[in-house]
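Each remark here refers to the structure printed beneath this line.
Laboratory data are not the source of any read-out in this text; all were calculated from the coordinates shown. Computed from a prediction, not measured in an experiment: that's the story for all the values here. Heads up, the Cβs are rebuilt from the backbone with ideal geometry, glycines too, and the neighbour counts pull from every protein chain shown.
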Amino acid sequence: MDLFAQYVVVGLASGSLYALVALGIVLLYRTSRVLNFAHGDLATFATFVAFTLLSAGRPFAVAALAAVVTAAALGAGLYYGILRPARESTLLGQVVITLGCALVLNGLATRLWGADTKVFPFPLSDTRVYRLGQVVVSQLSAVTAAASLLVMGALYLLVQRTRWGLAVRAVSQNMAAAQVLGIPARTLLAATWALSAALGAAAGLLLAPALLLDPFLMLDPFLKGFAAAVLGGMDSPPGAVAGGLVLGVVEALFGGYVSVRFRTTLAFGIIVAVLVLRPQGLLGREFRRRA
Amino acid sequence: MRRALRGLGALLVVLAVGAGPAVTQERGVTPTEVVVGTSQPLSGPAAFWGVPVTGGMEAYLRLVNDAGGIHGRRIRLVALDDSYLPPRAVANVRELVERHGVFAIVGLLGSANAFAVRDYIVQQGVIWINPLADATIWAGFRGTRYLFVTYVSYVDEGRLLTEYVARTMGKKTFAVFYQNDLFGQKGLLGVKRGAAATGARVVAAVPYELTDRDFSGHALRLRQSGADAVVIYANPTAGALVVREMTKIGYQPQLVATSALADPAMFALAGEAWNNVILAAYFPLPGTDRKVDEVLANITRINPALARNPFNAVGGVSFIEPFLEGLRRAGPTLTRESFVAAMETIRNWDGEVVRGVTFGPGRRHGVTRIYIVRSEAGQYRRLTPDIEYPPGF
């Protein structure tokens, strides 16, 4: 039983970070219908910016803020500089553009910071642990999980309880109608790209202390975040959170009790199963754009 | 008449120029240059190895070239990125042979990649120095005439490490954390053989994929096995992360690791957890040998980024050194056959990094020994003299 509980705790810790990544993906997808393959590399790039500042002796808060701002600027820049000029392209074309941007950002990060793995300085310890009976949770895991939930809560309030969030939802439903009503749709889209990238940066900042930092930091979390988004529903932020937590726990239990060899494959199996059985995901609604 | 003679003269000149090189020129060799190629993971999760290994080779070649090259020829390295993916390694090797016309392939990294290109390289008759792959993939393989290997055999290394830990430290049960490809699988095979030879048991084998980043579940599985010792066949990032996770959940078996992790960088990545780890090594590690440290100083002067990963940088030097020695011994008239004959004269030869290399007419497995080290307070301390294992091919 202790072992089971330990697997669940480990799964929830991983799942909260998958959820954070998934939220960034979903937020952008439901607004622009673009699956951003550069999400992980934007986050990694921003995390490297924080690493540079921390290495130069800057306080963590300053470095983290700089990373989030950098990611937001890169996200908005990606929209204004590349995707908007290419607006004539199909959605698939835009997705391919993000894939190209991912490769460019990854190459740039490798060029600037090298391919070697780095220890990311963080105010909390990854090896100091709290014990609840036989169940162990590290200080870092506990705080990052809490921080993830906090960020998710803030995002929920922003999207569901503010006029800005209402405008974003309006644009995602019908851009032309939103524009007629005086909503600055392009600016909102750029802001959504910025916010999505900033969420990615937050995930990167929380992941790097535990997973070490290199240009491929977000490769696995991005894939898991994508699987979580599909599982929860690509247009549902609560679904993304649920999907992340469910995926984290199922993955941990599957690795513990079924097969550690196929643990990595599980996420892809879930994507296939969800797309076949319930394409809208656990909490998503089948999307129909209003005419 | 005069015009006819002039025409005849021109024809003779054309024939002489055209016929000359066709008779004497070797692929990839000119009077001023030798072209060699390599395929390495310069991007992707294995770039941690590929970038410094390639950087080490390039910097060392620059030192050699700046000193006048070998027999008046500069050595030019064409390095292509395969991202550690076998299909890309195949495409790269074809490009190196068919487009760049290389004289030799040097140090292609990855057991699975080497396995994927093995038949093609042999079929093309290209000289191949040091595929960075488990050496046992060559055992019993025909067509090794142009192949020369000084890289370690993971099977023998895993066996000897396990035997050492079982016999001298009294460990009876082993778990293996391994990369789920030929590199890790060969290490696992070696551990199984070592356990069988000593009456110990392998109680768990926990694989991971190269793209994995979260090892908390793997660490729990290892703890669940209750093994006295955990043997690690992983890349540095995965190795460091799983050790940290094991420490976190309070599981502290005797840690044992492949020579690929005998890297000073592990002390920073794994922190306190990388203490009292038993590892294999087959060339002197940076910080333990004057010659190796001199080489490191020289190559980092050329490429300062190599200082971030000194172990793999000098590893790169060790992979290309035997090739350079072969060029020196082959003399100014360089052909594949003269090169092979020269390599076969190498007996117990010490390079600046690699040591004790022996080749011969029936021997292509040039280094067949390891020694055991222990990580202590940020350094690796040698525990044993060289331990020999039989050449496999």
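Some points to look at:
- One Cα centroid belongs to region A:1-78, the other to region A:109-123; the line between them spans 15 Å.
- Most mobile of B:ALA238, B:ALA196, B:ALA59 in a GNM of chain B (Cα contacts under 10 Å): B:ALA196
- Karplus (6.51, -1.76, 1.60) ³J(HN,Hα), θ = phi - 60°, over region A:56-69, in Hz, Gly and Pro reported as x: 7, x, 6, x, 4, 4, 5, 5, 5, 4, 4, 5, 5, 5
- Relative contact order (%) - criterion: Cα under 8 Å, at least six apart; region: region A:135-227: 19
- Multiplying the residue separation of B:ALA268 and B:ARG369 by 0.36 nm and subtracting their alpha-carbon distance yields 33.6 nm.
- For region B:92-203, the relative contact order works out to 23 percent when only alpha carbon pairs closer than 8 Å and six or more residues apart are counted.
- Nearest-20 debye value, region B:174-319 charge dipole, Cβ charges on Lys, Arg, Asp, Glu: 200
- Kirkwood-based Rg to Rh ratio, the protein assembly as shown, C-alpha trace: 1.04
- Among A:VAL250, B:VAL51, A:VAL260, A:VAL21, the ranking by other beta carbons within 10 Å of each residue's beta carbon, starting with the fewest, stands as A:VAL250, A:VAL260, B:VAL51, A:VAL21.
- Ascending count of other beta-carbon atoms within 10 Å, so fewest first, for B:TRP274, B:TRP138: B:TRP138, B:TRP274
- Couplings 3J(HN,Hα) for region A:186-191, derived from phi with the Karplus relation 6.51 cos²θ - 1.76 cosθ + 1.60 (θ = phi - 60°), are 5, 5, 5, 4, 4, 5 Hz, where x marks Gly and Pro.
- Charge dipole magnitude, Cβ of K and R +1, D and E -1 - the protein assembly as shown, Cα centre, debye nearest 20: 1080
- When the Cα positions of B:VAL126, A:LEU247, B:LEU327 are compared along the charge dipole of the protein assembly as shown, A:LEU247 comes out farthest toward the positive end, with charges on each C-beta of Lys, Arg, Asp and Glu.
- Hypothetical label at A:SER259: residues of region B:178-197 whose amide nitrogen lies under 15 Å (7 Å Cα-Cβ projection): B:180
- Normalised by 2.2 N^0.38 Å, where N counts its residues, the alpha-carbon radius of gyration of chain A equals 0.99.
- Beta bridges per DSSP with both ends in the protein assembly as shown, % antiparallel, nearest 5: 35
- Counting every alpha-carbon pair across region A:167-291, the share separated by more than 25 Å comes to 38%.
- P(r) weight above 19 Å for region A:62-174, C-alpha pairs, percent: 70
- Neighbour counting of Cβ atoms within 10 Å sorts the residues A:ARG30, B:ARG381, B:ARG74, B:ARG167, fewest neighbours leading, into B:ARG381, B:ARG167, B:ARG74, A:ARG30.
- With a simple spin-label model that places each label point 7 Å from the Cα along the Cα-to-Cβ direction, the separation between B:LEU63 and A:ARG58 comes to 3.8 nm.
- Once you divide the Cα radius of gyration of region A:1-94 by 2.2 N^0.38 Å, the number left is 1.40.
- Euclidean distance between Cα centres, region B:203-266 to region B:51-105, Å: 33
- In this label model, A:ARG278 and B:GLN252 are separated by 4.6 nm, measuring between points 7 Å along each Cα→Cβ vector.
- Shielding score for B:216-223, defined as the mean number of other chain Cβ atoms within 10 Å: 6
- Among A:GLY153, A:LEU206, A:SER236 the positive-end extreme of the charge dipole of region A:132-291 (Cβ point charges): A:SER236
- Hits among aspartates and glutamates - C-alpha to C-alpha of B:LYS172 under 14 Å, sequence gap 8 or more where chains match: B:GLU163, B:ASP228
- Residue-by-residue Karplus 3J(HN,Hα) for region B:356-370, coefficients 6.51, -1.76, 1.60, Hz, glycine and proline x: x, 8, 9, 10, x, x, x, 10, 10, 8, x, 10, 10, 7, 10
- The distance separating the Cα centre of region A:200-221 from that of region B:316-393 comes to 39 Å.
- Along its first, second and third principal axes, ordered by size, chain B spans 98, 42, 37 Å in Cα coordinates.
- Lys, Arg +1 and Asp, Glu -1 on Cβ, resulting dipole of region A:227-291 about Cα centre, debye, nearest 20: 200
- Counting only DSSP beta bridges whose two residues both lie in chain B, roughly 30 percent are antiparallel.
- Each other residue within a Cβ distance under 13 Å of A:ALA76 adds +1 if Lys or Arg and -1 if Asp or Glu, for a net charge of +2.
- Legend: distances between Cα atoms for B:LYS171/B:LYS192; B:LYS192/B:LYS248; A:LYS118/B:LYS248; pairs beyond 23 Å are B:LYS192/B:LYS248.
- Gyration tensor verdict on region B:108-266 (Cα atoms; rounded if a/c is under 1.5, prolate if a/b is larger than b/c, oblate otherwise): prolate
- As computed over region B:151-218, the Cα convex hull volume per residue (Å³): 87
- Cα-projected label distance for B:ASP293 with B:THR335, points at 7 Å along beta-carbon direction, nm: 4.7
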